[in-house]
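Read through the structure below, which is laid out as structure tokens, and then see the notes.
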Amino acid sequence: MAEMMRLKPEDILKRHDIALRKKEDFRDLYDEAYEFALPQRNLYDGYYEGKVGGAKKMNRVFDATAINSTQRFANRLQSGIFPPQRKWCRLETGPDIPEDRKAEASAALDIYADKMFATLKQSNFDIAMGEFLLDLAVGTAVMMVQPGDDTSPINFIPVPQFLVAFEEGANGQVDNVYRRMRIKGEAIIQQWRDATIPSDLQQKIDQKPTEDFELIEATVFDPKRGDFCYHVIHKESKQELVYRRLKKSPWVVSRYMKVAGEIYGRGPLITALPDIKTLNKTLELVLKNASLAISGVYTAADDGVLNPATVKIIPGAIIPVARNGGPQGESLKPLPRAGDFNVAQIIMGDLRGNIKRILLDESLPPDNMSARSATEVVERMKELSQNLGSAFGRLINETMIPLVSKILQVMDDRGIIDMPLRVNGLEVKVAPVAPLAMAQNMEDVTNVMQFVQMAQGFGPEGQATPKMGEITDYVADKLGIPTRLRNDSAERQYNLQQIAQQAAQVAEQNPEAVPEMLKMAGG
């Protein structure tokens, strides 16, 4: 067995600090995106200064277009890829499974998938995924998959990416994840039952049990053994409280889009940020101009009759001047405004349209239009899938497949399933069946059906070309039909024989009905 690697707490803290410094390169970019589009989830301003609870986070936000469109973007991704309370993937056999065992394996995998989604319905998955996708709109989203209790067997924890720093390993995959935590002293042993608390730290906890302690949670890949080391370290004393060996990392880290040389993602909000800031500033100026138009600003002549120091015009302002025109001028005179901002309405309309297009907030017609047909909805979903581009594939590879793998791992650890599954694409593979994936599958199904129809017009040789049994299985797989609802090859052969026997019996009694019976049997 390979030598066990165990890093010292000092080494882990050093690696965490290095990862955190690399993340600081994105601080200004992420901070602005959260401030103007996700202000309620913004932890960049004042988290470690204790300014988070109940803090006002929208003082500089004047337009809610980006906030609403970001929420709709996350909702649309969730309904298109991870629809709540519905099955969004199938477990299929890979190429390493022998052909004669695939039908049996597929039936078993369907049972596993049913158990997995029954477990998810009892968990907080749908809630956590909504928060996860909101962070993904900025560029990077992080979730932890942990065992739960008897009521909720799996616990999904969406962690704000502000609290997480990570390192990439081979092939650009995220291997090492570090999380900063603040937790009450008395809750440490509740959070980690196997925690070993040194006597000096325990004394501090006993003295101030409700005081927050800053911890660093680290999950580090061991390349020699192929598993993970899990550490919890008290940052101030550099003492290790928890050490575990894990078969798989509990972390799911997804990037919407990634630039070469960077490890953190860039989401559609980063692309829309110039328009968002311009729109916000334009509306701020419009509101200031409207305030001037409503209340006005006045000039007052200090002529000994009117004392500007004692005159108050509310709402408004008085600007003392020597005189208001002429030898003496008026004692009080309105100040002309600098200009009219009516043209700003046109600019803001264009900016709002750009923001909505970038955040995919215009893929369906308004609800007040005529009813949409099923074909139109499918085409709109296909358009949304095309607009997502490479982000759709990254969502499958960095979010869906790791999630399924970790969920099955937790289910195996808790004894919910009988045996572990290797979701590696060779033995077991994950096939998305969510609406966005089905929109792409329908195109494949349409091509196959067109081929069958065209083959029928090529005479006897063309009619004999399609492998109808395999085509039926292919279409059923694309449509996500469970194996238990379909006959296997042996059952199909038996049914064909029964039809042939019925045709033979009918031939004796009514020869004219034989061609129709043979056609039903595929003869």
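The values are calculated or read from the model by the stated rules, or taken from the named source; none is laboratory data. No experiment lies behind these values; they were computed from the predicted model shown. Cβ: placed from backbone, ideal geometry, glycine included. Neighbour counts: every protein chain shown. The protein model used for the area step is the full one, side chains on, heavy atoms only, and it has no ligands, DNA or RNA in it. Shrake-Rupley method; radii C 1.70, N 1.55, O 1.52, S 1.80 Å.
At-a-glance table
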{"quantity": "Flag for GLU470 being closer than 23 Å to LEU109 by Cβ, part of a helix (DSSP H, G or I), open to solvent by 80 Å² or more (accessible area, probe 1.4 Å) and modelled with pLDDT of 75 or more", "calculated": "yes"}
{"quantity": "Members of region 88-126 found to be open to solvent by 40 Å² or more (accessible area, probe 1.4 Å), closer than 30 Å to LEU359 by Cα and modelled with pLDDT under 90, listed by number", "calculated": "none"}
{"quantity": "Verdict on GLY53 being modelled with pLDDT under 90 and either open to solvent by less than 60 Å² (accessible area, probe 1.4 Å) or aromatic (Phe, Trp, Tyr) (or both)", "calculated": "no"}
{"quantity": "Output for region 158-170, where each listed residue is aliphatic (A, V, I, L, M) and open to solvent by less than 50 Å² (accessible area, probe 1.4 Å)", "calculated": "VAL159, LEU163, VAL164, ALA165"}
{"quantity": "Flag if GLY185 is open to solvent by less than 20 Å² (accessible area, probe 1.4 Å) and not hydrophobic (A, V, I, L, M, F, W, C)", "calculated": "yes"}
{"quantity": "Residue within region 145-152 that is modelled with pLDDT of 90 or more, crowded, with 23+ Cβ neighbours inside 10 Å and not in a helix (DSSP H, G or I) present", "calculated": "yes"}
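Residues checked against (1) modelled with pLDDT of 80 or more; (2) basic (Lys, Arg); (3) open to solvent by 30 Å² or more (accessible area, probe 1.4 Å):
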site	(1), (2), (3)
MET438	no, no, yes
GLU443	no, no, yes
THR446	no, no, yes
MET449	yes, no, yes
GLN463	no, no, yes
ALA476	no, no, no
